[in-house]
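No value in this document is a laboratory result; all are computed from the given coordinates. Bear in mind the structure is a predicted one, so any value in this text is a computation, not a measurement. So basically every Cβ, Gly included, is an ideal-geometry build from the backbone, and we count neighbours across all protein chains shown.
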Amino acid sequence: MSEKKMSSSRKHHLKSLMLQIAQELIAEEEAQSLEDRKQYMSENITPLQLTGSIAELQDLCKKMHQKIDVIDEERYDLGSKVGKSDKEIEDLQIKVQDLKGKFKKPVLKKVCMSADAMLQALLGSKHKVSMDLRSNLKQVKKEVKEEVKDAADWRKNIEDKAGMDGRKKMFESDP
């Protein structure tokens, strides 16, 4: 299955055609939504008939406010439904992702690079940093500790305390 690669000019041409078609579709959708809006307005809103009486105008304003309140309630309800459905969709997408399994980690390639080369790659060629850690260490002389010569004493004490006589001595000497 050898796939032929498209040239960049062909890709660019196809992409421009797709964008052009998408722009036409968006323009058609906008025109359709504008027509739908006009149709809805003509069906649901009666033409405004202004008469000279102030009482009638106040009554008309009250009716309009009531309609606005009803429409705001509907808008709020629809907004909350959309929010709930968006949350459900997001949760379901997470569940689908979990059911598909864990993400596979890509296998990393081994790179043979010294610490100096790595620092030079990270910091750039301007900075000269050497990773010769042993040159920065201080010389420390080992101190020989004198061992306590009391090794014979503790052995002697154990021998003295062994047996019943030793225990008697231990209790008698403690107080």
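Things worth noting here:
- Options A31, A22, A27; residue that is surrounded by 10 or more Cβ atoms within 10 Å (Cβ to Cβ), more than 39 Å from the chain's Cα centre (by Cα) and of a type in the set (A, V, I, L, M): A31
- There is at least one residue in segment 4-12 that is surrounded by 10 or more Cβ atoms within 10 Å (Cβ to Cβ), assigned to a loop (DSSP other than H, G, I, E, B) and of a type outside the set (K, R).
- Matching residues, segment 1-51, being closer than 30 Å to K67 by Cα and polar (S, T, N, Q): Q32, S33, Q39, S42, N44, T46, Q49, T51
- Residue count for segment 34-52, restricted to those that are surrounded by 10 or more Cβ atoms within 10 Å (Cβ to Cβ) and of a type in the set (G, A, S): 1
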